[in-house]
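Everything below concerns the one structure shown next.
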Amino acid sequence: MCGLSFALWMQIYMLGFDWPMIIGGKPAISLPAFIPVSFELTVFFTCHGMVITFYTISKLYPRFKTPVLDVRSTDDKFVMAIELDENSSQLPKLTQLLRENGASEVNQKEMTKF
Amino acid sequence: MQHVSPVREPLVTGGKTYHDVTQDICYQVEAAPNIRWMGALGVSLILLGVFFYSVYRTLWYGIGEWGLNKTVGWAWDITNFVWWVGIGHAGTLISAVLLLFRQKWRSSINRAAEAMTIFAVICAAMFPVLHMGRPWLAFYVFPLQNTLGSLWANFNSPLLWDVFAISTYFTVSLVFWYTGLVPDFATIRDRAKGKIAKFSYSMLSMGWTGSAKHWSRYETVSLILAGVSTPLVLSVHTIVSMDFATSVVPGWHTTIFPPYFVAGAIFSGFAMVLTLMLITRVVFKLEDYITLEHIALMNKIMMVTGSIVGVAYITEFFIAWYSQVEYEQYAFINRATGPYWWAYASMMTCNVITPQLVWFRRVRYSIVLTFILSIIVNIGMWFERFVIIVTSLHRDYLPSSWAMFSPTRIDVGVYVGTIGLFFTLFLLFAKFFPVINMAEVKAILKYTVNDGPTYGGANEGGGRSITHASLAPYATPGVPASAPVNYDKQND
C-alpha cells in the first residue's frame with residue numbers, strides 16, 4: 001500500500017503538477033502508463049519492508065561471534081534449552097523426565113549471556 | 001531410519017542422513033579448491049579480462065567502437081541484455097513458483113539457480129548502462145529533482161519501466177537468496193575451524209541460532225517472498241518485452257510479446273540452469289542431490305516452454321499475414337528469407353525442433369544429450385533476440401535508410417566478457433557459499449520409525465520391486481528418530 005501510493009503520488013506529482021509535459025499527445029496524468037512502475041514499487045516496498053522487519057524482530061545482524069547452545073543444532077540435532085538456577089533441586093528430576101521421554105543427551109551448561 | 005516411498009523415486013539418493021547432507025555440502029566450502037575449479041576460474045578470469053578491455057575501449061572511444069549504426073541503433077547490446085535477463089528468470093521461477101506449487105525437488109537446485117539469477121541480472125545491467133555512452137551519468141534514470149539540471153524522468157517510457165522492474169527484481173532476488181543462505185551460513189560457522197572462516201561466516205550468518213522462532217518467521221518470510229516474486233518475475237519480462245511491443249516498428253508492434261517473452265525467458269533460463277547444474281554436479285560430486293530425476297524434470301519444463309515459444313513464432317507469422325498490413329508482412333518475410341535468414345534459420349532449428357527431442361525418455365535421462373541440448377537452446381534463444389531486434393530494425397519504413405549490421409570485435413568482446421563475468425561470479429559463489437540449500441534438503445529427507453516400505457528402483461521387468469528393508473536406525477540406540485504421533489486421537 002505504501003509502495004503503491006508512493007509510486008502513484010510520485011508519478012502524478014512529477015508529471016502532472018510539477019512539470020507537465022506533453023508526451024505523444026497523451027494527457028499529463030496518463031494512468032495506464034503509470035501501472036508498471038506502481039506495480040514494481042508495490043512489490044519493492046512489500047519485500048524490503050518484510051525482510052527488514054524479519055531481520056529486526058529476529059534480532060539478526062552481523063556480529064563477530066555468535067553464542068550457540070550446541071554446535072550440532074545447526075547440523076542434525078534439535079536442542080531444547082531449559083533455564084535453571086545454579087543450585088536448583090529440580091535438576092535430577094528434570095534429567096530423569098527428559099531421559100524417559102527419549103532425549104538423546106542431557107547436558108548442563110553455564111551461560112551468562114544468551 | 002529413512003522413509004522412502006514405494007512408488008516415487010527418492011529426491012535425494014544414496015541413503016543420506018542429515019549429517020551426511022551437512023558433510024557433503026560443507027566439504028566443498030571447507031576443502032581446498034580442486035584443480036578443475038581452479039582451471040575453470042582461470043578461463044573465466046581470462047574472459048573477464050576481455051570484458052574489462054572491451055569496456056575500456058567502449059568508454060574511452062565511445063559507442064562508435066560497436067557495430068551499431070543509425071538504422072540499427074539497438075543491436076548486440078540489447079540482444080545480450082534480454083538474453084541475460086531471460087536466463088535470470090529461471091532462478092526465480094525455481095525458487096518462487098515451484099515453492100508455491102510445492103515441487104519439493106526444487107530444494108536441491110534453488111540455491112544455485114537463484115545465484116544464477118543474480119549474476120545474470122548483473123551481466124544484463126551492464127549493457128544498457130554501457131550503451132548510455134556516459135555511464136557515470138547513469139543515475140539520471142532515477143527520478144531526480146528538476147533543479148538538478150534535467151527534467152523529471154518520463155514515466156510513460158517503457159525504458160524507465162525497465163529501470164524500476166530490473167532494480168526491483170535484482171534487489172528482491174538478492175534478499176530472497178540471502179535470507180535463504182543465512183541458516184546454511186550458520187551451519188558452516190559452527191563447523192568452521194579457522195579464525196577467518198569463523199569470523200566471516202559469523203558476520204554472514206547474522207547471529208542465526210536456529211531457534212524455533214527464527215525458523216517459523218523464516219518460513220513465513222520465504223512463503224510471502226515467493227508469493228510476491230511470482231507476479232514480479234512475470235512482470236519483469238513483460239516490461240522488457242514492452243520495450244519493443246509499445247513501439248511502432250513492424251515485427252515489434254505485437255500484443256503477443258509479453259507471454260511469448262516470458263515463456264522464452266523461462267525456456268532459456270532452464271537451459272542455462274541445466275548447463276550449470278550438469279557441470280556443478282560433476283565438479284562438486286553432487287550426483288546424489290542433483291539426480292537424473294531432476295534433470296528429466298527440468299527437461300520437461302524446457303520442452304513445455306520451448307513448445308510455447310514455437311507456437312508463438314508460428315502465431316506471429318500467421319498474424320502478420322492475417323493483419324493484411326503490408327509492412328508487417330514484409331518484416332516477417334524479410335526475417336525468414338532476407339539477408340539475415342541464417343539467424344532466423346538457427347533460431348527456428350534451435351528453439352522449435354530441439355526441445356521436441358525431449359519427448360524421448362532416452363534424451364530426457366541422458367546427461368550428455370541434455371548438456372548438448374541446453375547449449376543449443378541457449379544459442380537459439382540468443383538468436384531469437386538478435387532476429388527480433390536486428391531484422392526488424394535494419395529495414396524500416398524508409399528504404400533509403402535501410403542498413404546492415406555487423407558486429408565489431410569489441411561487440412564480441414563485451415558479450416564474451418559478460419560470460420566471463422558470470423562464470424567468475426558463479427565459481428566464486430560455488431566455492432565459498434553452500435551450493436545446495438542444506439536446511440531445505442534436510443527437510444525433504446523423510447525419516448520414520450522402522451520397517452517402512454523402501455523404493456527398490458525400477459527392475460528390468462518394468463515393474464517396481466518393493467522391499468521392506470529394516471536397516472539399523474540412524475538415531476541414538478533406544479531413541480525413536482521421530483516419535484509416533486496420532487493426530488486423530490489427540491482431541492478425544
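Each reported figure results from applying straightforward, stated rules to the coordinates on display, with no laboratory input. Quantities reported herein were computed from a predicted structural model and do not represent experimental measurements. We place every Cβ from the backbone using ideal geometry, glycine too, and count neighbours over all the protein chains shown.
When the listed pairs A:59/B:213; A:65/B:198; B:285/B:431; B:16/B:300; B:16/B:442 are checked against a 18 Å cut-off, the alpha-carbon distance exceeds it for B:16/B:300.
Take B:385, B:217 and order them by how many other Cβ atoms sit within 10 Å, fewest up front. Result, fewest neighbours first: B:217, B:385.
Apply the Debye scattering formula to chain B, with a single equal point scatterer on each alpha-carbon and no solvent, then give log10 I(q)/I(0) at q = 0.06, 0.07, 0.14 Å⁻¹. With one equal scatterer per Cα and no solvent, log10 I(q)/I(0) is -0.32, -0.43, -1.47. Per-residue 3J(HN,Hα) values for the range B:413-426, derived from phi via the Karplus relation 6.51 cos²θ - 1.76 cosθ + 1.60 with θ = phi - 60°, read x, 5, 5, 4, x, 5, 5, x, 4, 4, 6, 4, 4, 5 Hz in sequence order (x marks Gly and Pro). Compared with the rule-of-thumb size 2.2 N^0.38 Å for a compact globular protein, the range B:199-335 has a Cα radius of gyration ratio of 1.51.
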